[in-house]
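Engineer: My questions all concern the structure below.
The values are calculated or read from the model by the stated rules, or taken from the named source; none is laboratory data. Not measured: the values here are computed from a predicted model. FYI the Cβ positions are ideal-geometry reconstructions off the backbone, even for glycines, and counts take in every protein chain you see. To get the accessible areas, we keep the full protein, side chains included, count just its heavy atoms, and leave off ligands, DNA and RNA. Shrake-Rupley method; radii C 1.70, N 1.55, O 1.52, S 1.80 Å.
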Amino acid sequence: MMKTKSIVVAALFVLSAVVSAFANKPGEEYGLAIIPVKESEVFKIVYEGKNAGKVKLNIYNDKSDRIFSHSMGAKGFIQPLNFSGLEAGEYTVEIVNGTSRETRTINFKPRQLSSSYVHITQLNSEGKFLVSVARNKVADESITLNIFQDDKLIYNESNKLVDDFAKVYAVKSSGPVTIAVTDKNGKVTSKSF
């Protein structure tokens, strides 16, 4: 019960801070703000109008196609919008309140999810190497593995990871060995022996 009260009190403080921020702009009938949520593809649309009434929220893509529309009776609101799955580009957020209209632009770039954790180690001096990948559970993951000896590619494989990956590779010892793992975002993890 105490936790619920704390959350409600925190939400009221946030809403009052937003209202105060918009109230400090003399001559404006209402205010619209877009706040990106850190480390996500979510944006909070914050709106405060002068009077309660029918408010329409529209989102347009860079071709001016309306991709989202929502109407409500309100004086103000905080609306999270999840852009995951949308293409990179410029999106326009529009608020229509009676005869008033206000727009803001979001330059959206899909978030690059962190890559899987890659570990490469030599097991012994006889040319055996362990490559392990702890798969990023949030994203589809694929890797490309290359083994070089004397700066020449001697082995290549690609894997789509459905789970964590570990494999031992045996390389005949005839020169320096480099093992490189490239994830789907192009990040390369390599180690030379």
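Engineer: Please compute the net charge surrounding Ile67, taking Lys and Arg as +1 and Asp and Glu as -1 over other residues with Cβ under 15 Å from its Cβ. Present the calculation step by step, with values, prior to reporting the outcome.
Structural biologist: Values: positive: Lys56, Lys63, Arg66; negative: Glu41, Asp62, Asp65, Glu87, Glu90, Glu94.
Here the charged neighbours net out to -3.
Engineer: For segment 88-193, with all protein chains present and a 1.4 Å probe, just round the carbon and sulfur fraction of the accessible area to a whole percent. Show your work: numbers first, answer last.
Structural biologist: Working: 3070 of 6440 Å².
Carbon-and-sulfur percentage of accessible area, whole number: 48.
Engineer: Quick one: what Rg and Dmax do you get for segment 69-193 from the alpha carbons, in Å?
Structural biologist: 23.8, 78
Engineer: Within 13 Å, Cβ to Cβ, of Leu57, how many net charges do the neighbouring residues add up to if Lys/Arg are +1 and Asp/Glu are -1? All intermediate terms of the calculation are to be shown ahead of the outcome.
Structural biologist: Details: positive: Lys44, Lys54, Lys56, Arg66, Arg101, Arg104; negative: Glu94, Glu102.
Residues near Leu57 contribute +4 overall.
Engineer: Per-residue accessible area for Ser125 at 1.4 Å probe radius, Å² rounded to 10?
Structural biologist: 110 Å²
Engineer: Taking amide H atoms as placed 1.01 Å from N in the peptide plane, list the residues 5 or more away in sequence, or in a different chain, whose amide H sits under 5 Å from that of Phe68.
Structural biologist: Sorted by chain and number, the residues that satisfy this are Ile59.
Engineer: Each residue of segment 159-170 in order: what ³J(HN,Hα) in whole Hz does its phi give by Karplus 6.51 cos²θ - 1.76 cosθ + 1.60, θ = phi - 60°, with x for Gly and Pro?
Structural biologist: Once θ is set to phi - 60°, the couplings for segment 159-170 become 9, 9, 7, 9, 7, 4, 10, 8, 7, 9, 10, 9 Hz.
Engineer: Give the accessible area for Arg104 in Å² (nearest 10); use a 1.4 Å probe, count only protein heavy atoms, and leave out ligands, DNA and RNA.
Structural biologist: That residue has around 80 Å² of solvent-accessible surface.
Engineer: Also, quick follow-up: If you rank Leu86, Leu32 by how much accessible surface each has, with a 1.4 Å probe, what is the order from largest down? Please list the in-between numbers first.
Structural biologist: Values: Leu86 60, Leu32 5 Å².
Sorted by accessible area, descending: Leu86, Leu32.
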